[in-house]
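Encoded as structure tokens, the structure appears first; notes follow it.
The values are calculated or read from the model by the stated rules, or taken from the named source; none is laboratory data. Source: prediction; values computed, not measured. In this analysis, Cβ positions are derived from the backbone assuming ideal geometry, glycine residues included, and neighbour counts consider all displayed protein chains.
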Amino acid sequence: MPTALITHADCLTHVTPDGHPERVARLEHVLHALEPLDLLRVSAPMAAEDDILRVHPASYVSDLRNAHPNDGFAQIDADTFMSPGSLDAAFRAAGAVLRGVDMVLSGEVQNAFAAIRPPGHHAETETAMGFCLFGNAALAAKHALDHHGLSRVAVVDFDVHHGNGTQDLLWDEKRTLLITSQQMPLWPGSGRVDEDGAYGNILNIPLPPDSGGDEMRAAYLGQAFPRLRAFKPELIIISAGFDAHRDDPLANLNWSTQDFAWLTAELCAIAQDLCAGRIVSTLEGGYDLNALSTACKAHVTELIKASL
Ligand SMILES: [Zn+2]
């Protein structure tokens, strides 16, 4: 079965002010890097508002609509902006991960990668932050549970920043296991080990600044993978941020491209053992264009290998 690449040109119409790290060129570089790969290319639909309401209240969606500018920028928080294309981009980004879930669970594809922006893992229930508007990974998990009737969905977030939004959205959802690794200390400051969810359904893995692939592999082998196997998910969602790369300007971990490939291959092997290889991965951060596109290509290459 193929690997799906789900994206939409609307995700390039979400523009941020000059010098902002979460910029259009990120997705352009990712898509260029993925061009030679053998992927089933799928146009992302817009998520329906009802889909968004699985994790965000209607008042939050209307606040975003009201804030949405007709020209220029609207500043939503310290580092989150909307341009005239941002709402369409956000609905396409959410729609991409939902389509990924639909395609993987129907057996059309083995796994899927949503190449989208804005990213999602910092968006809390009623708060846009950290370049994120809708909680894409949490939306995907809820869609798999509530629309498709799954019983257990795991989310693995290896972005260098804490997935505070996904944690907030899934805090009291005992049908999910969230495993999130992050540099600590680092913005947004959350992600301590004792933040473990209302039902012990969250595993936070802080990693010290300047640590690298060896520390990451030890943490995943020692903590993440045993928890994942014990949970027996029916689907694995990946929040795939590539800003733990040693060349990333926003953080201080020293992962190599090979580390991202290793982690992806391990997750694919676990998915093969536990849930027929079902994985939906969605793009989060990564701010050095070369490191982002190279590591993302390595990630998607492993998804393809696992689908053969
Ligand atoms: Zn990040």
Subset of the range 18-67 [in a helix (DSSP H, G or I), of a type in the set (Asp, Glu) and within 28 Å of Glu124 (Cβ to Cβ)]: Glu49, Asp50, Asp51, Asp63
Go through the range 110-147 and give me each residue that's over 19 Å from Leu178 (Cα atoms) and surrounded by fewer than 23 Cβ atoms within 10 Å (Cβ to Cβ). Glu126, Thr127, Met129, His147
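Rundown of residues vs (1) touching a helix residue (DSSP H, G or I) at 6+ places or on another chain (Cβ under 8 Å); (2) aliphatic (A, V, I, L, M), yes/no style:
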site: Val153; (1), (2): yes, yes
site: Val156; (1), (2): yes, yes
site: Gln167; (1), (2): no, no
site: Leu170; (1), (2): yes, yes
site: Leu177; (1), (2): yes, yes
site: Ser181; (1), (2): yes, no
site: Val193; (1), (2): no, yes
Pairs needed: first member in the range 114-126, under 13 Å from His56 (Cβ atoms); second member anywhere, at pLDDT below 95 and within 13 Å of the ligand (Cβ to nearest atom); C-beta distance under 9 Å; at least 6 residues apart or different chains. none
Any residue at all in the range 190-200 that is touching a residue at least 40 places away in the same chain (Cβ under 8 Å), surrounded by 23 or more Cβ atoms within 10 Å (Cβ to Cβ) and of a type outside the set (Ser, Thr, Tyr)? no
Reported set for the range 129-176 where residues are within 13 Å of the ligand (Cβ to nearest atom) and either in a loop (DSSP other than H, G, I, E, B) or over 17 Å from Thr282 (Cβ atoms) (or both) is Met129, Gly130, Phe131, Phe158, Asp159, Val160, His161, His162, Gly163
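Taking the range 73-113 as the region of interest, how many residues are among the polar types (S, T, N, Q) and without any contact (Cβ under 8 Å) to a residue 60 or more places away in the chain? Walk me through how you get there before you give the answer.
We begin by selecting, within the range 73-113, every residue among the polar types (S, T, N, Q); these are 75, 80, 83, 86, 106, 110-111.
The next check asks that each one be without any contact (Cβ under 8 Å) to a residue 60 or more places away in the chain; those that pass are 75, 80, 106.
Number of matching residues: 3.
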Selected residue (criterion: nearest to the ligand (Cβ to nearest atom)) from residues of the range 97-108 that are among the hydrophobic types (A, V, I, L, M, F, W, C) and buried (at least 24 other Cβ atoms within 10 Å of the Cβ): Val97
Is it fair to say Ala93 is out of contact with any His (no Cβ under 6 Å at 6 or more places or on another chain), within 16 Å of the ligand (Cβ to nearest atom) and not in a loop (DSSP other than H, G, I, E, B)? yes
